[in-house]
Each structure stands twice: as C-alpha cells, then as structure tokens.
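Here is the structure we will look at, set down as structure tokens.
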Amino acid sequence: MFLADLVATSQAVGATRSRKAKAESLAAALRRAEPDELETVVAYLGGTLRQRRTGLGWRGVSDLPEPADAPTLTVSEVHQTFEDISRIAGAGSQARRKAAVADLFGRATVDEQAWLRGLVTGEVRQGALDAQVQEAVAAVAEVPLASVRRAAMLAGSTLAAAVAAFHGGEEALAAIGLEVGRPVLPMLASSAPDVAAALDKMAGRPVAIDAKLDGIRIQVHRDGDEVLVVTRSLDDITGRLPEVVEIARSLPARRFVLDGEALVLADDGRPRPFQETSSRTAQAGGGVVAPYFFDVLHVDDRDLLDEPGHERLAVLDGLVPEQHRVGRLVTDDADAAREFVAATLAAGHEGVVVKDLDARYEAGRRGAGWIKVKPVHTLDLVVLAVEWGSGRRRGWLSNIHLGARDPEGGGFVMLGKTFKGMTDEMLAWQTERFTELATSPADRSEYVVHVRPEQVVEIAFDGLQRSTRYPGGVALRFARVLRYRDDKQAHEADTIEDVRALL
C-alpha cells in the first residue's frame, strides 16, 4: 500500500463531519491493506507511530528537504524507516537520525511530508480518533464493535484489539482479558454543575460520593513482589514512586489492580498544589507522595470489572486501609451530600465524584456511572494562539486564545481569550513555551503568534453565553487560567459539545 493512499484517506476523513463517512473511509483503507501492513495501517489511521519512542520531535522534522514530485513511498517502507530511527543510539546518533529523516522526507511529496510531520508530532488533523478506527476495524473484521472496544480497553491499545480481530475474530477478542501487570484504560467521569444535578441523574438511588483529589491518576498492579504504577496515559512511573510501591506490597493480597490518585501533602495533611505533585511524580526525590485508592479491578485471581460498584467498594474496603482510601459518603440524601461536598472543599480538595453503585467499571467511558462535580466551572482547553502583552506585560506572551476539541470535524473551535490568572512566573514560562510551539517566528512584528495546538490549559469561568463572535456559537464569561496541564494531551481536551452541554 502506498503512503499516498493513506494520506488521501486521512484527507477524506478530515473533510467530512459525518461520523459514518469517516468510519467508511477508514474501513475502505483497511480493506486495501496487505495482511503484513494491517498493523501499521491501523496505527497510522489513528494518528500514531508504532514505535513508542523515536527520538524525534517537532524540531527534528521542522527543517526538511525539498519534497518529491511523485509518490513512491510504501507504508511498509515508512514503518521500517521509523523502526530503524528508533534504534539509533550512541556517538553520532543525532547526525545519523537527521540523515535518516532527510532521506525519508526527501522521498515524500508535499502532502506526504505534511502528514508524516503530523504523525511524528502526534498532530495528524483528520477528526478520527480511536473510536472511529475501532468502528472501521469491526466492520472489516466482521466482529461486534462492542467486542473491539472492550478488547482495546483491556489491552490498553486499539492496535492490539485490531490484531486480534483480524487474526482471530471474535474469539480472539474475547480472549483479551484483564491481566495483572498490563495497564487498562481508566474509567472517566462526565460532569454536572452541582451535586443536586448529579443526584438527579441517579434517579433517587443511593450513591457513593467520593472526594475528588487534585493529584495524578494512578493505576497500581501487584503480582507477588512485582509492582507496577502507571499514569492515566499508561506511562510507567513505578521507579519514581517508591512509597506507593511500599504501600502496595503491604496490602493483604498477592495480586490486585487498584485505581486511585497520588498527591503530595503538606505537614498538616492538606494537599499541596497540583504543580508540586506533578513535579514530584515526574522524577524521584522531593516531597512524599501518598496514594489514595477509590476502586479495585482485580484481586487474587478475581476480576471485578463487571461487578457492580457497591461490590467493588466492599472489596476495596477489605483490601486497602482507610488512610489510603479517598473519603467517601454513601447516601441518597441531598442535604447530607451537600454537607459532604462542603467538608471536602474545606479540606482543600477540588470537588467530588458521584458514582452509581450499580455501575460496572467501563474503561474509557464518560457516562452517567461517574459524574464529577466541582464548585467552579472548569474546562481543559487547548491554546491556539497567544498575543504579545503591553504595559507591565510588555515583552511577554500574554493573552491566550482558547479552543475546545471538535471530534467530528477535527481541529479545535475557539471559545475566547484570557490573560487573567497569570502570575509573573507563569508569564515567563508560557513565553518560552509558546515560542517553542510557534508555527512562524515569534517576534513582535506580529501581534498574534499562532502556535501548534498542543498545550492544554485548565480554565475556570463563571458561565457561558451564546455568541456570534466565535464559530462555536458560545463564549466563556470571565475566563481565567488555573494551571497548565502537562499531564494531558490535546486529544484529551474537552469537546465543543461538552461546552455546549453546559448551556
């Protein structure tokens, strides 16, 4: 299969807003692929390389040779080249890597160069995420979509599920189960403006209300003396959290998988700012990180994914001591719920998560099973551009343009701008950061500096209003920066539909 065919598919997918049309285009490309190309095609259609690390970033693909006049590259050749690049190490590796990139991109056409650059940097703009690729895999392999999605969740990878579907069908997909030591994608929560709204969605049934800690999401696997700690994005941080490993080994079970949060506490037991936890979990040393668990997926050869929430909580309470569980209230009383929320906020936490006691653990799903409630409206948005400051902020990149993700059409929808909430330290940091992300020289000859849409920022706001000024038809009121989210990637930002739902 020629790379040009894949690029054409990506362009076709990006040109339509129809979810069905996207899936059909992706499926057509999969049908054209040779058996030995399928894995690579699945990965590339999802906008990712098969190699976890290549040593390449934006800078490595910013200075490219003249493009080729006609397409000649095959998908297999591209994959093999990136495989070779990923193995380059030792003295002179930088020069050899640069030469390999020049050779590959020199054989690519203009469209292929642009697409390959996006593949390397994780910025393929086609409006097709894993969900659409999974639909295409199910259609081509003639297996139920639900089977593909569950296998992808448990394997932590759409690619792994696709391989099973193509080579073994539904039976192979069903064989992919939860394995201690292999991370699974975490369950996610939808949002509600307040606890009363969250309780309404539970139709008067008793619920579990967990304190929402402002830390790093962790998943902890133990198999005997072996312990694995991974982040929300399934990155291995075991070596950075020896205190979490020690606590995991102290629990009265030999094999388990726990879901929770890790955060740094002050001497008085109150949580330290998120940035301190983020910094501490990025490298060993510094303050002590404490784990707090809120769910259990497996214990001593018993899978709990499909058990109702109340059963999993009972198992969790028997496994993890109270000092390492998040605060929890089980109630159907709105007044008791509000009191618990108030106490949680007074303790320095960011909100609560209201949980259906009958809900299964469904990795990756944002449904009504878990509903997060924060006292301040917040959104995780992506910075699209930034303006040079004036007056006291002269010389700094200040006012940021904010965008919500558009999963249907691809790209991002602008919601407004803000310069509020920025400390001098933050201004200095973002000036350096957005200079690196600038798509053209970030000099002051241009008032607005457009940047690659990669940096996620958490924005607080007082409300929303309908607006004809912005393409999404909605604008943020009194938006202000809370923090930059280096623990999230652009594809994890809130969507324009999430925003409109808050109206």
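Tell me yes or no: at least one residue of region 255-266 is closer than 26 Å to residue 487 by Cα and part of a loop (DSSP other than H, G, I, E, B). Yes: one or more hits.
Taken over region 188-227, the criterion of being open to solvent by less than 30 Å² (accessible area, probe 1.4 Å) and touching a Pro at 6+ places or on another chain (Cβ under 9 Å) is satisfied by 213, 215, 218, 219, 220, 221. Within the bounds of region 430-438, is there any residue that is at pLDDT 90 or above, open to solvent by less than 30 Å² (accessible area, probe 1.4 Å) and in contact with an Asp or Glu (Cβ under 9 Å, 6 or more places away or on another chain)? So far as region 430-438 goes, yes, one or more of its residues are at pLDDT 90 or above, open to solvent by less than 30 Å² (accessible area, probe 1.4 Å) and in contact with an Asp or Glu (Cβ under 9 Å, 6 or more places away or on another chain).
Rundown of residues vs (1) in contact with a Lys or Arg (Cβ under 6 Å, 6 or more places away or on another chain); (2) open to solvent by less than 30 Å² (accessible area, probe 1.4 Å), yes/no style:
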position: 328; (1), (2): no, no
position: 340; (1), (2): no, no
position: 359; (1), (2): no, yes
position: 370; (1), (2): yes, yes
position: 374; (1), (2): no, no
position: 384; (1), (2): no, no
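For region 63-145, which fully contained helices (runs of 4 or more DSSP H) count at least 1 residues that are of a type outside the set (A, V, I, L, M) and under 15 Å from residue 42 (Cα atoms)? Don't jump to the end; show me each part of the working.
Numbers: elements: 75-86, 93-106, 110-121, 130-141.
Here the list reads 75-86, 130-141.
Of all the criteria given as (1) part of a loop (DSSP other than H, G, I, E, B); (2) under 29 Å from residue 55 (Cα atoms); (3) open to solvent by 10 Å² or more (accessible area, probe 1.4 Å); (4) not acidic (Asp, Glu), the one not satisfied by residue 153 is (1).
Residue-wise test of (1) of a type in the set (Lys, Arg); (2) under 22 Å from residue 121 (Cβ atoms).
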site: 383; (1), (2): no, yes
site: 393; (1), (2): yes, no
site: 401; (1), (2): no, yes
site: 423; (1), (2): no, no
site: 430; (1), (2): no, yes
site: 441; (1), (2): no, yes
site: 449; (1), (2): no, yes
site: 468; (1), (2): no, no
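Looking at 163, 133, 124, which is the one that is open to solvent by less than 20 Å² (accessible area, probe 1.4 Å), of a type in the set (Val, Ile, Thr) and farther than 23 Å from residue 260 by Cβ? That would be 133, the only listed residue that is open to solvent by less than 20 Å² (accessible area, probe 1.4 Å), of a type in the set (Val, Ile, Thr) and farther than 23 Å from residue 260 by Cβ.
Across region 60-78, the qualifying residues are those that are of a type in the set (S, T, N, Q) and surrounded by fewer than 17 Cβ atoms within 10 Å (Cβ to Cβ), and the one among them that is modelled with the lowest pLDDT is 62. Does region 484-491 include one or more residues that are closer than 13 Å to residue 402 by Cβ and assigned to a strand (DSSP E or B)? Looking through region 484-491, at least one residue is closer than 13 Å to residue 402 by Cβ and assigned to a strand (DSSP E or B). Taking first residues from region 174-190 that are outside any loop (DSSP other than H, G, I, E, B) and partners that are open to solvent by 40 Å² or more (accessible area, probe 1.4 Å) and not acidic (Asp, Glu), the Cβ contacts under 6 Å between residues at least 6 apart in sequence or on separate chains come to 188/366; 189/372; 190/366. Within region 209-233, being in contact (Cβ under 8 Å) with a residue 60 or more places away in the chain, acidic (Asp, Glu) and not in a strand (DSSP E or B) holds for one residue alone: 214. Quick one: in region 1-59, which of the residues that are among the β-branched types (Val, Ile, Thr) and assigned to a loop (DSSP other than H, G, I, E, B) is least open to solvent (accessible area, probe 1.4 Å)? Filtering region 1-59 for residues that are among the β-branched types (Val, Ile, Thr) and assigned to a loop (DSSP other than H, G, I, E, B), the one least open to solvent (accessible area, probe 1.4 Å) comes out as 54.
Of the residues making up region 443-483, those that are part of a strand (DSSP E or B) and among the charged types (D, E, K, R) are 458, 466, 477, 480, 483.
The values are calculated or read from the model by the stated rules, or taken from the named source; none is laboratory data. In this text the structure is predicted, and so the values were computed from the model without any measurement. Please note: Cβ atoms are built from the backbone with ideal geometry, for glycine as well, and neighbour counts cover all protein chains shown. When the accessible area is computed, the model is the full protein with side chains, heavy atoms only, and any ligands, DNA or RNA have been set aside. Shrake-Rupley method; radii C 1.70, N 1.55, O 1.52, S 1.80 Å.
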